[in-house]
Amino acid sequence: MSLDPATVRRIAALARIRVDEPQVAQLQTELNAILGWIEQLNEVDVDGVAPLTGAAQMALRLREDVVTDGGMAEAVLANAPDRAGPFYAVPKVVE
Amino acid sequence: MAYVIEGATGAWEVVIGLEVHAQVISRAKLFSGAATEFGAEPNSQVSFVDAGFPGMLPVLNRECVAQAVRTGLGLDAQINLVSRFDRKNYFYADLPAGYQISQYAHPVVGAGRIEIELADGTSKAIGVTRLHLEQDAGKSLHDQHPAKSMIDLNRAGVALMEIVSEPDLRSPEEAGAYLRKLRSILRYLGTCDGNMEEGSLRADVNVSVRRHGEPFRTRCEVKNVNSVRFVMHAIEAEATRQVAVWEAGGTVDQETRLYDPARGETRSMRSKEDAHDYRYFPDPDLLPLVLDEAWVAGLKSGLPELPDAKRARFMGEYGLPFYDAAVLVVEQATADFYEAVARGRDGKQAANWVMGDLFAALNRTGRGIADSPVSAAALGALLDLMADATINGRIAKEVFEAMVETGEAAEAIVTRKGLRQVTDTGAIDAAVAAVLAAHGDKLAEYRAGKDKLFGFFVGQVMKAMAGKGNPALVNEALKRAL
């Protein structure tokens, strides 16, 4: 599998990363190298092996339904690029 | 009669599937310990997990899983003992992490069904494809500032159940019945409050049209339609639009559209064009969710009686017709109220009073069944006064209105107003004699064969007795005298 320049631009757009035209060729080479490395995994025969979602052989830990967090609007908003009173403020997004 | 859209070139069938997002009733959020309560100060119920801070670990709330399983059981659905959480990647200002934790390939609940009732008395089983757990997004306010949107993350991370139906619905009516039935089941289960105004129940509608017997054509998704009425309108508007496109020789593009209730039409959401590439992958922060069979069985044994079972029981136990039973079981509070009135009494009569006089009084006073001006016990006592012939049916209506007005007990009103039914045959005979004497002309007509006048005489006698005569005794006395 190898990526063409259009796919590289699309991936960048989906990830909201600005890529200048001269960078596309370089990224294409780098991404293809990564894909080539991952391709090696296809050499392993995994027929009949259940997909693995984690390396840890343990059960998912669950939490009780108790309120233990929140009530810290100032701390949550502290890193906001922009705010208005108790709200985050962002460039207008409206349909 | 099957619902169709009549186009210029003939009839078109409408195919509808619904995706419902139901907010789970829980104290804390799906993956964080922040509160879920509606209407709190902006951003006051937000943890660092909800705000997408780096390095924060989501920890699954057991009760949210239980609620999803209860709902699955209530929909007669398969419970998947192993399910998994995935990241659904997209960028939006109210989604701080840049992805929503959802369940894609392995939902917690598989195929189920919902039985809907239609106006013509028939019912139909609608397939449920799946139910999965996911995080809600934050809330954007667009009208506070000319150039900016305000974001409140209190809702971000609250647990949602996405409930997807099969494309089994064929009319706006069926879609409306499906939503109402689903809401009723969720409310019985206590897994979602079903409040569409506050957004705890939201629907996306998939609509396509086709000629009868054809395979499915391309569908469009109409987003976020927030009342049963709007869902029904949106389907009709979107189906009509698609028929016009096909008939003009065009093709319907698969796209996301928005319903505009003010204009009664749908329009394309251009911003969503790219959004279908969500690049799902298993969330590396979360292990697979493995449920214990015994735990699921325990949840199952704790389920309440659901609307369909209750309706069947009301029909059998209280002799109610299908329609009455279906109306009474929609809300659990109404069903409980009815049952308290009906127990040990005439079930059909109890249904008539609850659905007739009581519902009318609630409408008029703007109150719900929970704060009804007349309690179930008080209405039952009124029915008892009729059953033991203390008052007749007409007086009972008058007493009921006074009960709504004053909150007094039926017995007290009857005594205070002297409304006790007259069963003294002497008094009834006297009233009959007086009426016949006063209407000699009518009496002659009656005796000449005008039978219909019997009703007139009954009315006159009742009037003379201020409505308090025992109707059966009045009839008897009149027949004798005439």
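Here, each number is a calculation from the coordinates, and none is a lab measurement. In this text, all values refer to a predicted model and were calculated from it rather than measured experimentally. Here Cβ is always computed from backbone atoms with ideal geometry, including for glycine, and neighbour counts include all displayed protein chains.
Quick check on chain A: take the gyration tensor over C-alpha atoms, sort the square-rooted eigenvalues as a ≥ b ≥ c, and tell me if it's rounded (a/c under 1.5), prolate or oblate. It is oblate, given that a/c is not under 1.5 and a/b is not larger than b/c.
Taken over the alpha carbons of segment B:328-482 as equal point scatterers, the Debye sum produces base-10 log I(q)/I(0) values at 0.09 Å⁻¹ of -0.38. Each of B:Tyr259, B:Tyr104 was scored by other Cβ atoms within 10 Å of its Cβ. Arranged with the fewest first, they read B:Tyr104, B:Tyr259. Note on segment B:425-481: along the principal axes its Cα atoms extend 29, 19, 17 Å, ordered by decreasing extent. Need one word for segment B:209-344: rounded, prolate or oblate. Basis is the Cα gyration tensor (sqrt eigenvalues a ≥ b ≥ c); a/c below 1.5 gives rounded, then a/b vs b/c decides. Verdict is oblate for segment B:209-344. The gain in end-to-end length when the B:Ser375 to B:Asp388 segment is fully stretched comes to 2.7 nm, 0.36 nm per residue minus the alpha carbon separation.
D by Stokes-Einstein for chain B, Kirkwood Rh over Cα pairs, 37 °C, 0.692 mPa s: 123 µm²/s. Near B:Glu255, the amide H atoms lying under 5 Å from its own belong to B:Glu221; only residues 5 or more places off or on other chains count, and H is placed 1.01 Å from N. For the peptides B:287-298, B:226-237, A:32-43, the ranking by mean Cβ contacts within 10 Å, running from highest to lowest, is B:226-237, B:287-298, A:32-43. Globularity index of the protein assembly as shown is 1.31 (Cα radius of gyration / 2.2 N^0.38 Å, N = number of residues). Neighbouring Cβ atoms from other chains, within 10 Å of the Cβ of residues in B:55-66, number 3 on average. Other residues lying with their Cβ under 11 Å from the Cβ of B:His106 contribute a combined charge of +1, Lys and Arg counting +1, Asp and Glu -1. Sorting the segments B:159-171, B:399-411, B:135-147 by their mean number of nearby beta carbons within 10 angstrom, highest to lowest, gives B:159-171, B:399-411, B:135-147. Kirkwood hydrodynamic radius of segment B:305-417, from the reciprocal of the average inverse Cα-Cα distance over all distinct pairs: 14.2 Å. Peptide B:144-150 shows a mean partner chain C-beta count of 6 within 10 Å per residue C-beta.
Dividing the alpha-carbon radius of gyration of segment B:32-109 by the rule-of-thumb value 2.2 N^0.38 Å gives 1.27. Taken along its three principal axes, the alpha carbon spread of segment B:130-226 comes to 51, 37, 22 Å, from the longest extent down to the shortest.
Give the residue from B:Gly110, B:Gly356, B:Gly316 lying farthest towards the positive end of the charge dipole for the protein assembly as shown; charges sit on Cβ (+1 for Lys and Arg, -1 for Asp and Glu) and the dipole is referred to the Cα centre. Of the options given, the answer is B:Gly356. Against the main long axis of the alpha-carbon atoms of chain B, helix B:62-74 sits at an angle near 60°.
Angle of helix B:332-342 to the longest C-alpha principal axis of chain B, folded into 0 to 90 degrees and rounded to 10: 20°. Going through the cross-link list B:Lys148/B:Lys223; B:Lys417/B:Lys463; B:Lys88/B:Lys181; B:Lys181/B:Lys223; B:Lys348/B:Lys452, which pairs have a Cα-Cα distance over 27 Å in this structure? Beyond 27 Å between Cα atoms: B:Lys88/B:Lys181; B:Lys348/B:Lys452.
A straight Cα-to-Cα reach below 16 Å connects B:Lys310 with the aspartates and glutamates B:Asp76, B:Glu115, B:Glu117, B:Asp324, B:Glu331, B:Asp336, B:Glu339, residues fewer than 8 places away in its own chain not being considered.
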